[in-house]
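Q: Have a look at this one.
The values are calculated or read from the model by the stated rules, or taken from the named source; none is laboratory data. Quick caveat: nothing in here was measured; it's all calculated off a predicted structure. Here the Cβ positions follow ideal geometry from the backbone for every residue, glycine too, while neighbour counts run over all protein chains shown. When the accessible area is computed, the model is the full protein with side chains, heavy atoms only, and any ligands, DNA or RNA have been set aside. Shrake-Rupley method; radii C 1.70, N 1.55, O 1.52, S 1.80 Å.
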Amino acid sequence: MLKAIDGEPEEPVISTIMLRSMQQAKYDDVSLGHFGLATDFYTHFTSPIRRYPDLIVHRLMRTYVFNNDLSEKTIAKYEDRLGAIAEQASKRERRSVDAERETQALKKAEYMEAHLGEEFDGVVAGVTNFGMFIELPNTIEGLVRLQSMDDYYHFDESQLMLLGERTKRQFRIGDAVRVKVDAVNLDERTIDFTVVGMPKREQSSRRQPTTIKAKGGRPKKDEKDRRGGRGRDDKKKRGKPGRPGKPGKPGEKPKRDGEKSSQGRSALDLKKKDKHKRKGDAKRGAKKRR
């Protein structure tokens, strides 16, 4: 299939899909063959030794081939250990690959920081629902975010494509794009690109976030008025109880000017009245005794 699409426009997309569909390679103590090479038996090692799996292969070759040690004890020893060794080697390799990628990403970000605002030719290396990754000829990758594009783009996962809603413009893996270095974040090890000549889209009101009203929440003032409740305006019209010339509570007699309502008296006024009453009673009692 790869030979049939060699040099065709679809080659980058198909080869990428085929690569992603394959399982990630791992070390195993059981000979399962190699899918990519179509071989029933496969192992690999380097010389000089670069990693622990290479050392294990060298030890096995020395034991079985050069020392001709095929005893049951030796075979049982390796059968008991190789499973755990293969699992540990696979985990450590993933960790080393991640560390290598992090280091490369940091150095690439540091390099592109000196080229902010410059333009480069690249190709679309990947598309997602938040943007597309552009790869430059020097293997540096950056992200063109959807927010920086001229339209609202839909992500078609089945075709690995971004499709503009209004412009119908398409971006696929392998498309040539000219980009400008827009931002570099050393902490996040990220590089942001923008497509040269592409204006940012206007924020449509249809795309603005909407507030969802909660059910059974506290009614607003106009809702209170419609339900017959007393709003702020009603309180102003009715006034406070006991105000001169204004109605108070139902059944309460209107007060004359200068007269205070019992409800409006403070605790201090009541204490003073009670004190004066006791003095008056004492004076009247003294008169009677005389």
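Q: Does region 28-40 hold any residues that are assigned to a loop (DSSP other than H, G, I, E, B) and open to solvent by less than 100 Å² (accessible area, probe 1.4 Å), and which are they? Lay out the reasoning, then the answer.
A: Taking region 28-40 first, the residues assigned to a loop (DSSP other than H, G, I, E, B) are 28-33, 35-38, 40.
28, 29, 30, 31, 33, 36, 38 - these are the residues of region 28-40 that are assigned to a loop (DSSP other than H, G, I, E, B) and open to solvent by less than 100 Å² (accessible area, probe 1.4 Å).
Q: With (1) within 30 Å of residue 175 (Cβ to Cβ); (2) in contact with a Lys or Arg (Cβ under 6 Å, 6 or more places away or on another chain) as the list, and residue 11 as the residue in question, which single condition is left unmet?
A: (2)
Q: Does region 169-184 hold any residues that are open to solvent by less than 60 Å² (accessible area, probe 1.4 Å) and part of a strand (DSSP E or B), and which are they? Working first, answer last.
A: At the first step, the residues of region 169-184 found to be open to solvent by less than 60 Å² (accessible area, probe 1.4 Å) are 171, 173-175, 177, 179, 181, 183-184.
Residues satisfying the conditions are 171, 177, 179, 181, 183, 184.
Q: In the list 82, 106, 60, which residue meets the criterion of being open to solvent by less than 50 Å² (accessible area, probe 1.4 Å) and over 43 Å from the mean Cα position of the chain (by Cα)? Give the derivation first.
A: Values: 82 fails: over 43 Å from the mean Cα position of the chain (by Cα); 106 fails: over 43 Å from the mean Cα position of the chain (by Cα).
That would be 60, the only listed residue that is open to solvent by less than 50 Å² (accessible area, probe 1.4 Å) and over 43 Å from the mean Cα position of the chain (by Cα).
Q: For the subset of region 11-27 comprising residues that are assigned to a loop (DSSP other than H, G, I, E, B) and open to solvent by 70 Å² or more (accessible area, probe 1.4 Å), which member is nearest to residue 123 (Cα to Cα)? Let's see the steps before the verdict.
A: First, pick out the residues of region 11-27 that are assigned to a loop (DSSP other than H, G, I, E, B): 22-27.
So of that shortlist, the ones also open to solvent by 70 Å² or more (accessible area, probe 1.4 Å) come out as 22-26.
Working: 22: 23, 23: 26, 24: 25, 25: 27, 26: 30 Å.
Per the criteria, the residue is 22.
Q: Out of all the residues in region 47-57, which are under 42 Å from the mean Cα position of the chain (by Cα) and of a type in the set (Ser, Thr, Tyr)?
A: 52, the sole residue that qualifies.
Q: Taking only pairs six or more apart or across chains, which ones have beta-carbon atoms under 9 Å, a first residue in region 102-119 that is over 13 Å from residue 188 (Cβ atoms), and a second residue that is part of a helix (DSSP H, G or I) and open to solvent by less than 80 Å² (accessible area, probe 1.4 Å)?
A: Pairs that qualify, where the first residue is over 13 Å from residue 188 (Cβ atoms) and the partner is part of a helix (DSSP H, G or I) and open to solvent by less than 80 Å² (accessible area, probe 1.4 Å), are 118/112.
Q: Those residues that are more than 18 Å from residue 198 (Cα to Cα) and open to solvent by 80 Å² or more (accessible area, probe 1.4 Å), I need them from region 115-134; list them, please.
A: Initially, region 115-134 is screened for residues more than 18 Å from residue 198 (Cα to Cα), giving 115, 125-126, 128-129.
Across region 115-134, the qualifying residue is only 129.
Q: Still on this structure: Out of curiosity, is residue 8 under 45 Å from the mean Cα position of the chain (by Cα) and open to solvent by 70 Å² or more (accessible area, probe 1.4 Å)? Working first, answer last.
A: On the way: under 45 Å from the mean Cα position of the chain (by Cα): yes; open to solvent by 70 Å² or more (accessible area, probe 1.4 Å): yes.
The answer is yes for residue 8.
Q: Here's something else I'd like to know. When region 135-168 is examined, which residues are found to be of a type in the set (S, T, N, Q), open to solvent by 80 Å² or more (accessible area, probe 1.4 Å) and under 20 Å from residue 15 (Cα atoms)? Spell out the reasoning first.
A: Within region 135-168, the first condition is being of a type in the set (S, T, N, Q), and the residues that meet it are 138-139, 147-148, 158-159, 167.
Then keep just the ones that are open to solvent by 80 Å² or more (accessible area, probe 1.4 Å); that gives 147, 158-159.
Matches in region 135-168: 158, 159.
Q: Got a sec? Which of 176, 125, 114 is closer than 30 Å to residue 51 by Cβ and among the hydrophobic types (A, V, I, L, M, F, W, C)?
A: Values: 176 fails: closer than 30 Å to residue 51 by Cβ; 114 fails: closer than 30 Å to residue 51 by Cβ.
Result: 125 is the single residue among 176, 125, 114 that is closer than 30 Å to residue 51 by Cβ and among the hydrophobic types (A, V, I, L, M, F, W, C).
Q: When you scan region 34-47, do you find a residue that is among the aliphatic types (A, V, I, L, M) and out of contact with any His (no Cβ under 7 Å at 6 or more places or on another chain), even just one? Before you say what the answer is, go through the steps one by one.
A: First pass over region 34-47, keeping only residues among the aliphatic types (A, V, I, L, M): 37-38.
Filter once more, so that each one left must be out of contact with any His (no Cβ under 7 Å at 6 or more places or on another chain): 37-38.
Yes: one or more hits.
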